[in-house]
Every structure is written in C-alpha cells, then in structure tokens.
Amino acid sequence: MDKKNARALSTFGIENLLTRFVNLPAEPGDSGPAQQFRDLAGELIDTHLGCDRVPADRYCHFVAIFRRVWKARTIAQKKEASKRIEAIFNRLAALPAIDRPALAVDFTSELVISIRFATAPLLDILAMTLIQHRNELGLCERRHCPAPYYVKSHPRQKYCSHDCANLIREESKSRWWADNREHFMQKWRRERKGR
Ligand SMILES: [Zn+2]
C-alpha cells in the first residue's frame, strides 16, 4: 500500500473503494473510469515492490474476477471464483517473503483468513475485503442501475442505495396508477352521472 492508497482508505473506507472498484467496466474498451479510480485510490499494486503498475486498461480483468465472486451461486462457480482470487494472491510468490501473504481461498468453506494490511497492495486489500464480505455481496434489483454491485448492510436489502429504492417505489406507484386509472375514471364518471 502506498501513501495515496492509505489516504483513500481513510477517506472513503474500504467497502466504498471495493464497490467503486467492482462497478468499473468489466470489459476492455473505456478505461476512463479505471483511470479515475486510480487518480482517487492510487495504484492497485504499488511499484516500490518491484512490480509493474497495473495499466488502466487492465483493471477490467480484475473487475471481472471480483464480479465472478459477487455472482457465484453454485459450488462449481464458487470453486472457480476461489481459484481466480487465489491467483491474485499467488502472483505475490515472486515478491520477497516479507511482503507475501501466504493463504488459501475457499468460498465454499468457513475459512478465516488474515493478512498484514499495512504491507499489502491495494489489490490484495480489495480482494481480502471481498472475502470478508462474501455473504453480503448484493446486486441492485433496479434495472439499469448505474452501479449495481454493493455490500449489503442488512440481509434483506434489495437496492444499492436510497436513491434506487425511492425510484423503484415511485415507479411502482405510477405503474399502479397507470394500471388502475381507467377503473377509477369510470367509477368517477358513473358517480357523476348518478348525481
Ligand atoms: Zn441501484
């Protein structure tokens, strides 16, 4: 973790950074949002460890892996997601031992993992946070939500934000009115005639 990483972590909190990250584009193309994330949160892998920095157009590769975890439902999907996250940690095998967190990942078990946050690169901290919140990963039920990946604050939460929940409430109200409007208008006309 570098200074910029640390500042972003203390300003926004790790859950916020995780959801910002997982809502970045998951396919190659527009790397603008990834660049913005890097400006905000610093490098995914700090270069002082002798690694190359992750270019913005490569962020989608990691975002896609994180989304796999988010969406994994079956045992097979969870096993697959586990391997991908494990590969993120295992890339550190090339680093000096002091910076290398050694661990195994298995989303199908109740495994508890710890990591030395102070020395871990942002990418690993994000991956650790993903693991910690593995049972609270939510997908906003509002269609076309611009940032649908979120961490649930309670188990029955359906929407990523108050904004989305309010929009859905308004939409269902106006849909109800559209569906029932004619019925009420007829009733109202009948009543007026009857007077
Ligand atoms: Zn939403």
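Values in this text are rule-based calculations from the coordinates and carry no lab data. Everything quoted here is computed from the prediction, not taken from an experiment. In this analysis, Cβ positions are derived from the backbone assuming ideal geometry, glycine residues included, and neighbour counts consider all displayed protein chains.
Spin-label point model (7 Å from Cα, Cβ direction): what's the Asp163 to Arg91 distance in nm?
3.0
Mind checking which lysines have their Cα closer than 22 Å to the Cα of Lys83? Skip sequence neighbours fewer than 8 apart in that chain.
List returned: Lys71.
So who's got an amide H within less than 5 Å of the one on Val151, skipping anything under 5 residues away but keeping other chains? H placed 1.01 Å off N, in plane.
Excluding prolines and chain starts, which carry no amide H, the hits are Gly138.
Can you list the aspartates and glutamates whose alpha carbon is less than 13 Å from that of Lys3, not counting same-chain residues fewer than 8 positions off?
Output for Lys3: Asp39, Glu43, Asp46.
Taking R0 as 30 Å, what's the FRET efficiency between Glu27 and Lys173 from their Cβ-Cβ distance, rounded to 0.05?
0.25
Normalising by the residue count of the range 1-78, find the relative contact order in percent from Cα pairs under 8 Å and 6+ residues apart.
After rounding, I find 34 percent.
Straight distance only, please: which aspartates and glutamates reach the Cα of Lys78 with their own Cα at less than 18 Å, same-chain residues fewer than 8 apart left out?
Glu86, Asp106, Glu110, Glu136
Summing +1 for each Lys or Arg and -1 for each Asp or Glu, what net charge is found among the other residues whose Cβ lies under 15 Å from the Cβ of Cys60?
Around Cys60, the surrounding residues sum to +3.
Could you please state, rounded to a whole Å, how far the C-alpha centre of the range 143-161 is from the C-alpha centre of the range 67-93?
Here the two parts' Cα centres lie 21 Å apart.
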